[in-house]
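What follows is calculated from the coordinates using simple rules that are stated; it is not laboratory data. Given the structure is predicted, the values throughout are model-derived calculations rather than measurements. Methodologically, a virtual Cβ is constructed for each residue, glycine included, from the backbone with ideal geometry; neighbour enumeration extends over all protein chains shown.
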Amino acid sequence: MVEETAVEEHDSIAVVIINYNGGDYIEACLHSLQNQSVCADQIIVVDNASTDDSASLLTQRFPDIQVEFLAENLGFAGGNNHAFSLITHCKWVALLNPDTVVSSTWIAQLKQAVSTHPSTAVFSCRLEDLHFPEKLDGTGDQYHVSGLAWRRDHGASTSISRPVRESVFAPCAAAALYRLQAVNAAGGFDDAYFCYNEDTDLVFRMRLMGHHCLHLDDIVVKHAGSGISGKQSDFSIYHGHRNLVWTYFKNMPTALLWLYLPQHLLLNIVAILYFGFKGRLGVIVKAKWHALIGLPKVLQMRRVIQQKRTVSHAELTKTMIRNPIAAYFNRYAR
C-alpha cells in the first residue's frame, strides 16, 4: 500500500457538473463554486440539451466557466464521460449535481483529503438536505449482496454523526471525488445506464480492481435530492430498477453471483409487488423487462470486467451488507 503522505503535486481537481434544465439550482451551485477559498483547477459544465433558459444563463452569467452544450441528452453517465475527455491536466475529478451548494472550503478540504490519503481512489461527501436543513440526504452509498443500493442515512436527522473518515461501498455521485486515472482504467460510466445506479456500477468495477472508497463526514454538501428528476418518478423508478439488475450481473464475481442469486431474484419480486401496490406496476415491469432484454450485452461486458478483478471474494463481500433482510427495510430511494 502507498504510504499516506502529502503529495501536493497530485491534488489538482477538475469539477464536473451535468446540467439538464437546472434553472435556479445550477446558478446557486456555480455561485458557490466561484466563492471558494481555494479554486478548482478546472470547472466544466455539460449541458444535456436543456429546454429551459440554462443556455443563456450559463453563457451570460458565468462567462469564465467552460460550458459544453450537447445536441442531445446523454444522461448523467454519457454527459460525465464526455466531460472526462475534456479534462486536460487534473489528477482528480469532482462530480457535483446542479442541485447542490458547497461551502467556501469544499475544494480546499478535498485537496487536503487526497494529500492525506493518496492511496484512496474515491471519496464520498456528507450530503445534507438543501430544503430541510434538519435532514440528511446521505452519508455514502451501501450495497447489499442482493443487488440493492441505497443512500445511507437518507432522511435521517443531521444530529447523526459518522466517523470523520470511514469506508463505504461507494459515494453518491451528487458530490463525489474520483482519481481520474482509476476511473478511466475502469471504463468510466456505462453510457447505457443513462442515470441512476451508474455511480454504484462504476465504483463496483473500481473495487474489483482493488480501489477503495472513503467517506468524509466533515465535508458537507447541501443537496436538493432529486430536485430535477423527481423523487420516485416513473423516470427514476425505471432507470434505477433496470440498472440495478445490470449492475449485479455485470460485476458480481461468479461464485458470489450464484450464492446470492436467490436474494437478487427475491429483491426483484419484492420490487414488482411493492410498486404494483403503489399503482406503478407498468413502469416497474417495463424496467425489469428491459433489464432482461439488455442482459446479453451486459454479460459480454462482464467477461472483460471479471478479467480485471484483483480482489478476493472475501475482501469484496466485506464491503457489502450481507444481512439477508437488511435491504428490504430500506426505501427504494435510488
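Along the chain, counting only GluC sites (Glu not before Pro) with a DSSP assignment other than H, G, I, E or B and at most 10 other Cβ atoms inside a 10 Å radius, the longest segment between sites is 135-334. Under 16 Å from a label point set 7 Å out along the Cα-to-Cβ vector of HIS31, the amide N atoms of segment 73-111 belong to 98-104.
Dipole of segment 11-223, Cα-centred, from +1 at each Lys and Arg C-beta and -1 at each Asp and Glu C-beta, to the nearest 20 debye?
Working: 13 positive and 25 negative charges, 161 e Å.
That gives a dipole near 780 debye.
Within a 10 angstrom radius of the beta carbon, how do ASP64, ASP141 rank from fewest other beta carbons to most?
Values: ASP64 6, ASP141 25.
Going from sparsest to densest Cβ surroundings: ASP64, ASP141.
Shape index of segment 1-150: Rg/Rh, with Rg the Cα radius of gyration and Rh the Kirkwood radius from the inverse mean 1/r over Cα pairs, equals 0.98. Estimated at 0.36 nm per residue, the fully extended path between ASP24 and LEU299 surpasses their Cα-Cα distance by 94.9 nm.
Ordered by the number of other Cβ atoms lying within 10 Å of each residue's own Cβ, fewest first, MET209, MET252 fall into the sequence MET209, MET252.
Scattering from the C-alpha atoms of segment 234-329 alone, worked out with Debye: what is log10 I(q)/I(0) at q = 0.17, 0.24 1/Å? Debye output, listed in q order: -0.83, -1.31. Test of understanding: extend the Cα→C-beta vector of HIS117 to 7 Å, then name every residue of segment 157-174 with backbone N under 18 Å from that spot. In segment 157-174, the label zone of HIS117 (backbone N under 18 Å from the point 7 Å along Cα→Cβ) covers 161-174. When the convex hull of its Cα atoms is viewed from all sides, segment 127-281 shows a mean projected area of 9.8 nm². Here the contact order of the chain, divided by its residue count and restricted to Cα pairs under 8 Å and six or more residues apart, works out to 19 percent. On full extension, the segment bounded by ARG61 and ARG322 gains 89.1 nm, given 0.36 nm per residue less the C-alpha separation. With both labels modelled 7 Å from their Cα along Cα-to-Cβ, the GLU72 to VAL38 distance reads 4.1 nm. From least to most packed, judged by other beta carbons within 10 angstrom and beginning with the fewest, ASP137, ASP24 follow the order ASP24, ASP137. Hydrodynamic radius of segment 159-216 by the Kirkwood approach over all distinct alpha-carbon pairs: 12.2 Å.
Spread over its residues, the convex hull of the C-alpha atoms of segment 113-159 is 104 Å³ per residue. Rg ratio for segment 101-208: its Cα radius of gyration over 2.2 N^0.38 Å, N being its residue count, equals 1.09.
Stretching ALA108 away from ILE160 to a fully extended chain increases their span by 16.3 nm, per 0.36 nm per residue minus the current alpha-carbon distance. Kirkwood radius and radius of gyration were both taken over the C-alpha atoms of segment 229-276, and their ratio Rg/Rh is 1.04. Taking the empirical scaling 2.2 N^0.38 Å for compact globular proteins as reference, the chain has a Cα radius of gyration ratio of 0.95.
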